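Below is one structure, written out as structure tokens; comments come after it.
The values are calculated or read from the model by the stated rules, or taken from the named source; none is laboratory data. The model shown is predicted, which means the values in this text are computed figures rather than measured ones. Cβ placement follows ideal geometry from the backbone for every residue including glycine, while neighbour counts extend to all protein chains displayed. All accessible areas refer to the heavy atoms of the entire protein, side chains included, with ligands and DNA or RNA removed. Shrake-Rupley method; radii C 1.70, N 1.55, O 1.52, S 1.80 Å.
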Amino acid sequence: MMDSIDRAKQRIRLIIEGSRVPEDLHHADNTLQWLLHLEPGADEALQIAALAHDIDRAIHEIKVKRTDFDDYDAFKTAHARNGAKILRSILNACALEQDIVEEACRLVTSHEVGGDPRSNLLKDADSISFFDINLPLYHEREGWPEAKRRSIWGYRRLSLRAKEIVKNITYQDETLTGLLREIIDGRAC
């Protein structure tokens with residue numbers, strides 16, 4: 001019999017699977033994998049937050065849209081808050097313990113900016129995953145200038161530990177590997 005945590009994770013994956021962004025489910029699972037790499041003993045609230053941190057993007061009708069914001073950080077803040085609101089509904093429907101619901105939603109709300117050790121851990125896992133799997137598809141979809149801008153933004157928010165991990169990432173597309181090297185070396189501004 002499936003417990004409430006497993007039901008919640010299954011429901012989160014089903015929602016993300018419906019995203020119009022093809023890599024969203026892979027990114028969710030990859031973020032969870034990076035979280036467990038960084039913190040093997042991560043509790044359920046952290047694991048749920050890692051899986052669901054971008055759930056906002058999966059529901060096209062209510063997702064926060066980048067085009068509605070002049071400021072990228074304001075967009076990311078609204079995206080995180082909306083994701084937490086969506087997650088709260090899912091977790092409550094699955095009858096999770098309220099302390100897990102509160103912590104998972106708090107973490108999703110702060111996953112773009114961090115601010116405490118647990119939120120910083122989630123931010124790092126998310127950012128490493130962007131460079132690990134998202135960047136090539138993001139570049140293909142959004143173009144070079146946006147991929148460069150987003151990569152600079154994402155690299156700057158990494159902890160020193162996460163920057164060491166990202167240094168080892170390479171791509172089949174040598175121009176993307178070159179871009180990442182420029183960002184790491186501080187030559188791309």
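Descriptive notes on the structure:
- For the range 1-160, the solvent-accessible area of protein heavy atoms averages 48 Å² per residue (probe radius 1.4 Å; ligands and nucleic acids excluded).
- Taking all Cα pairs closer than 8 Å and separated by 6 or more residues, the relative contact order of the chain comes to 20 percent.
- With every protein chain in place, the chain: carbon and sulfur % of accessible area (1.4 Å): 52
- For peptides 101-111, 139-149, sequence by mean Cβ density within 10 Å, most packed first: 101-111, 139-149
- Loop-resident chymotrypsin sites (Phe, Trp or Tyr not before Pro) (DSSP state other than H, G, I, E or B) in the range 51-142 with no more than 16 further Cβ atoms inside 10 Å of their Cβ: PHE69.
- 17 Å Cα-Cα reach of LYS163 towards aspartates and glutamates, excluding residues that sit fewer than 8 places from it in its own chain: GLU39, GLU112, ASP124, ASP126, ASP132, GLU182, ASP185
- The separation of the range 22-58 from the range 150-189, counted between C-alpha centres, amounts to 21 Å.
- Using θ = phi - 60° in the Karplus curve 6.51 cos²θ - 1.76 cosθ + 1.60, the 3J(HN,Hα) couplings for the range 95-112 round to 6, 6, 4, 4, 5, 5, 4, 4, 5, 4, 5, 4, 5, 4, 4, 9, 5, 7 Hz; x is entered for Gly and Pro.
- Ratio of Rg to Rh for the chain: 0.96 [Cα atoms; Kirkwood radius as inverse mean 1/r over pairs].
- For the listed residue pairs LYS9/LYS85; LYS63/LYS123; LYS123/LYS148; LYS9/LYS148; LYS63/LYS167; LYS65/LYS167, the alpha carbons are over 27 angstrom apart in LYS9/LYS148; LYS63/LYS167; LYS65/LYS167.
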